[in-house]
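Reading through the structure tokens given below for one structure.
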Amino acid sequence: MSAGLAIRVEGLGVSFRRNRRGSRSLKDLFGGAARRTRPGEFWALRNVSFDVQRGEAIGVVGRNGQGKSTLLKLVAGVLLPDEGAVEVHGGVAPLIEITGGFVGDLTVRENVRLTAGLHGMSRAEVARRFDDIIAFAEIADFVDTPYKHLSSGMKVRLAFAVVSQLEEPIVLVDEVLAVGDRAFKAKCYRRIDELLAEGRTLFFVSHNEKDLRRFCTRGLYLDKGALKMDAPIADVLDAYNADYPPG
């Protein structure tokens, strides 16, 4: 393995079923696994391969439903592949499904400790970073409020504040900047710039071309579950816009 390798994806495939109640024939049921059909099955991703070097900033491009978020979940270990393999060299800070994992009846303070701890942050580290997390989220007046009583904007700010404080070398970002007000987005931009300046590896999913051009140097273009193009981000966006013109 290359000393600079952060992520290796080889022959990656993951399938889902549109109809979980789909029936199988007797031939399917008693045949070997390789012969069985799966009614309603579709491949969200298939035969996808690429390497990511440490410190690269990768933008993942494609229409809705083309496997972008699925790819990030596979890299994060949230999903397991049906084919191929994903190798991740280093810990992952996942800014995906950003408010997931928080417990409604626990207070903000308790949720920060719980969520940061689940991501591997020690108690001492949580205590040291707690004030910075709350300040970033701008919810100092709500630290003892149950999480379920926060507004949706507060929940997003808190989740970003916690996960962006993790010191993992690989950062996964899935449409996080599509929510929140302008001032908070600017703060998120600055934080992502800081992470990149520290040499973190960035995997970034967004439909915002401006954001992709700002943060990413390389692009992966997913179309119909396949990796259609792997090239500099400007070239990938030009190809995507040629296939699917804006507006």
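Some points to look at:
- Between Arg218 and Ala57, Gly59, Ile233, the built amide H atoms are under 5 Å apart, and every one of these is 5 or more places off in sequence or on another chain.
- Taking Phe136, Phe215, Phe42 as the candidate residues, the one with maximal mean-square fluctuation in a Gaussian network model of the chain, Cα springs under 10 Å, is Phe42.
- DSSP beta bridges fully contained in the chain are about 55 percent antiparallel.
- GNM top mover of Ala85, Ala159, Ala186 - the chain, alpha-carbon springs below 10 Å: Ala186
- By the compact-protein rule of thumb, 2.2 N^0.38 Å, the alpha-carbon radius of gyration of the stretch 55-243 corresponds to a ratio of 1.05.
- The stretch 55-243: relative contact order as a whole-number percent, Cα under 8 Å and 6+ apart: 35 percent
- Here the peptides 204-211, 66-73, 192-199 are ranked by packing, the mean other Cβ count within 10 Å, and the order with the highest first is 66-73, 204-211, 192-199.
- Listed from fewest to most Cβ neighbours within 10 Å, the set Glu87, Glu138 follows the order Glu87, Glu138.
- Neighbourhood net charge (14 Å Cβ-Cβ; Lys/Arg +1, Asp/Glu -1) for Ala242: -3
- Counting every other Cβ atom within 10 Å of each residue's Cβ, Tyr240, Tyr189 order from fewest to most as Tyr189, Tyr240.
- Sequence of Arg213, Arg129 once ranked by neighbouring C-beta atoms within 10 Å, starting from the fewest: Arg213, Arg129
- Amide H contacts under 5 Å for Glu41: Arg18, restricted to partners 5 or more places along the chain or on a different chain, H placed in the peptide plane at 1.01 Å from N.
- Within straight-line cross-link reach of Lys155, lysines at Cα separation under 24 Å, skipping those fewer than 8 residues along the same chain: Lys68, Lys73, Lys185, Lys187
- For the stretch 210-219, putting each phi into the Karplus relation 6.51 cos²θ - 1.76 cosθ + 1.60 with θ = phi - 60° gives couplings of 4, 5, 4, 5, 5, 9, 10, 10, 10, x Hz, in residue order, rounded to whole numbers and with x for Gly and Pro.
- With the helix formula -39500 (n - 2.57) applied to DSSP H stretches of n ≥ 4, the chain reaches a computed 222 nm mean residue ellipticity of -10500 deg cm²/dmol.
- Sum of side-chain charges, Glu168 neighbourhood, beta-carbon under 13 Å (Lys, Arg +1; Asp, Glu -1): -1
- Per-residue 3J(HN,Hα) values for the stretch 90-95, derived from phi via the Karplus relation 6.51 cos²θ - 1.76 cosθ + 1.60 with θ = phi - 60°, read x, x, 10, 9, x, 9 Hz in sequence order (x marks Gly and Pro).
The numbers here are math on the coordinates, done by the rules we state, and not lab data. Just so it is clear, the model here is predicted, and its values are computed rather than measured. Neighbour counts are summed over all protein chains in view; Cβ atoms, including those assigned to glycine, are modelled from backbone coordinates with ideal geometry.
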